[in-house]
Amino acid sequence: MYQIEHDLQLSNGMISKWNKSMPRADALQDVADYLGVTTQYLFSLARKEK
């Protein structure tokens, strides 16, 4: 996660905070694009972890 945050110029620990709060739409889209997936896919992964 650190590398993604660094590459996308997100603040340190931002992605891990998404477990407790909803991410900004633009940041979520940036991460999805970086990983080559859709935002819907990321949300589906998050639902499976609960």
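Some points to look at:
- Residue list for region 6-24, restricted to those being open to solvent by less than 80 Å² (accessible area, probe 1.4 Å) and more than 9 Å from the chain's Cα centre (by Cα): ASP7, LEU8, LEU10, SER11, GLY13, SER21
- Subset of region 35-50 (residues that are more than 16 Å from MET1 (Cα to Cα) and surrounded by fewer than 11 Cβ atoms within 10 Å (Cβ to Cβ)): GLN40, ARG47, LYS48, GLU49, LYS50
- Taking region 24-50 as the range and being in contact with a helix residue (DSSP H, G or I) (Cβ under 8 Å, 6 or more places away or on another chain) and in a loop (DSSP other than H, G, I, E, B) as the test, only THR38 passes.
The values are calculated or read from the model by the stated rules, or taken from the named source; none is laboratory data. Quantities reported herein were computed from a predicted structural model and do not represent experimental measurements. Heads up, the Cβs are rebuilt from the backbone with ideal geometry, glycines too, and the neighbour counts pull from every protein chain shown. Only protein heavy atoms, including side chains, enter the accessible area calculation; ligands, DNA and RNA are left aside. Shrake-Rupley method; radii C 1.70, N 1.55, O 1.52, S 1.80 Å.
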